[in-house]
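So the structure is just underneath, and the comments pick up after that.
Rule-based calculations on the coordinates, nothing more; no lab input. These numbers were taken from a predicted model, which means no experiment stands behind them. With ideal geometry, Cβ positions are generated from the backbone for all residues, glycine too; neighbour counts draw on all protein chains shown.
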Amino acid sequence: MNELIQAVGILSAISAVLSLLMVIADRTIANYGEVTITINDEKKLTVQGGSTLLSTLMSEEIFIPSACGGRGSCGFCKVRVLEGAGDTLPTELPHLSEEERRNSIRLSCQLKIKKDMKIEIPEELFNVKQFRGVVARIRDLTYDIKEITIRLLEPAEISFKAGQYVQLETPEYELADEPVYRAYSVSSAPSRKDLVELEIRRVPNGICTTYVHDYLKEGAAVTLNGPYGEFFLRDSTRRIVFIAGGSGNAPIKSILSDMAEKKIGRKALYFFGARTTKDLFLQEEMKAFEGQLSDFTYIPALSEPAEEDNWGGETGLITDVIDRRLDMGEETEAYLCGSPGMIAACIKVLTAKGIPEERIYYDKFA
């Protein structure tokens, strides 16, 4: 038995050494020198090769959306690479459709720059800015969700559509050996151009959420960039169905605030799913929208209400509640924010109700 343990230890040590050697080789022996990135056949950047396309563009203040911060799990950071990319990597395949692969779409967080490259990105990304600000307030919304209010300093104002998101930088600390970014939806109204309000839920061992919950203090300097996203209220007269859970409330709150300020009178329902009453928050604010908007109903639902909750509202999975409360919806559009699993389940219910999938909008943050 001792010999087996020693053999396993030796193999583990060899694997660690080989991994270290590969990292060193990539950073030293594989010196790619200066390379040129041509963007949209117009803008040319001369950069040092060897880093990912995502991080290289960010260093040049060109910000590609990346909800996962470059871990290759969200699939948001897609760009079209016309030259210099090489073969599609296995880590990219789960996020790329056959059509995207035919059209040379790649994940910029996985693609390393090794030679001259030609890429295409949406023109609106050139309008994304980096902001510096200070934390004006931190408020506990639940035991695992904090509301962070950031007062902007430079630039001092941001313009965004209600429902969009920003990327917040987490500086180097014990869980991060370099600054990393994560995406968070803005919960404040677009009319408040001087600040950004975020609702951030703790993810166990999450680099950014751990920093926000355990280290970030009022008065701290922060960096963020944005805005990003296609999650915003479409201009129509259709009935609206909002669905969210947890910190997915953030973009819905921003949209509702914007609707109230602009006196948008469309019929709207908001289904909010939680486990128990301790997972509910901002209940008074959400109910207040029923008085501020001409035809709005807020419907919270608990999937596992405790006896001591004395809950008299809707119970069950949020999909079951939607199925019970929502009638057929040919003239309806839906806005969802939550986990990939919740969104997939809700889409199934909504399409069964007659809502076309092209009128179901969501940011699926993994």
- Entries of Lys263/Lys287; Lys78/Lys278; Lys78/Lys217 with Cα pairs more than 26 Å apart: Lys78/Lys278; Lys78/Lys217
- Quotient of Cα Rg and 2.2 N^0.38 Å for the chain, N being how many residues it contains: 1.11
- Looking only at aspartates and glutamates whose Cα falls under 17 Å of Lys112's and that sit 8 or more positions away or on another chain, we get Asp26, Glu34, Glu60, Glu83, Asp87, Glu92, Glu120
- Message: With +1 assigned to the C-beta of every Lys and Arg and -1 to the C-beta of every Asp and Glu, and no other charges, what is the dipole magnitude of the chain about the Cα centre in debye, to the nearest 20?
- Response: 420
- Task: Quick one: net charge around Asp258, please, counting Lys, Arg +1 and Asp, Glu -1 for every other residue with C-beta under 11 Å from its C-beta.
- Result: +4
- Message: For region 200-342, what does the relative contact order come out to in percent, with C-alpha contacts under 8 Å and a separation of six or more?
- Response: 26
- Lys/Arg +1, Asp/Glu -1 at C-beta; the chain dipole; positive extreme among Thr351, Ile37, Thr56: Ile37
- Task: Mind ranking 187-196, 98-107 by how tightly packed they are, going by the mean number of other C-beta atoms within 10 angstrom, highest first?
- Result: 187-196, 98-107
- Item | Dipole axis of the chain (+1 Lys, Arg; -1 Asp, Glu on Cβ), positive-most option in Ser187, Tyr215, Asn310 | Ser187
- Message: For region 129-257, what does the relative contact order come out to in percent, with C-alpha contacts under 8 Å and a separation of six or more?
- Response: 34
- Query: What is region 239-364 by shape, rounded, prolate or oblate, if you read a ≥ b ≥ c off the alpha carbon gyration tensor as root eigenvalues and call it rounded for a/c under 1.5, prolate for a/b larger than b/c, and oblate otherwise?
  - Reply: oblate
- Item | Radius ratio Rg over Rh of region 34-125, counting only Cα atoms, Kirkwood formula for Rh | 0.92
- Message: If I take every Cα pair under 8 Å that is 6 or more residues apart in the chain, average their sequence separation and divide by the length, what percent do I get for the relative contact order?
- Response: 13
- Task: Note down the magnitude of the dipole of region 128-228 about its Cα centre, charges +1 on Lys and Arg C-beta and -1 on Asp and Glu C-beta and zero elsewhere, to the nearest 20 debye.
- Result: 440
- Query: How about Lys267: which aspartates and glutamates have a C-alpha closer than 16 Å to its C-alpha, ignoring those fewer than 8 places off in the same chain?
  - Reply: Asp235, Asp258, Glu290, Asp295, Asp327, Glu330, Glu331, Glu333
- Message: Could you derive backbone 3J(HN,Hα) for region 115-127 from the dihedral phi with the Karplus parameters 6.51, -1.76 and 1.60 (θ = phi - 60°), listing whole Hz in sequence and x where the residue is Gly or Pro?
- Response: 7, 3, 9, 10, 9, 10, 9, x, 4, 5, 5, 5, 8
- Message: Using DSSP H assignments, which helices in the chain have an axial alpha-carbon span of 24 Å or above and a mean Kyte-Doolittle hydropathy of -0.5 or higher?
- Response: 2-27
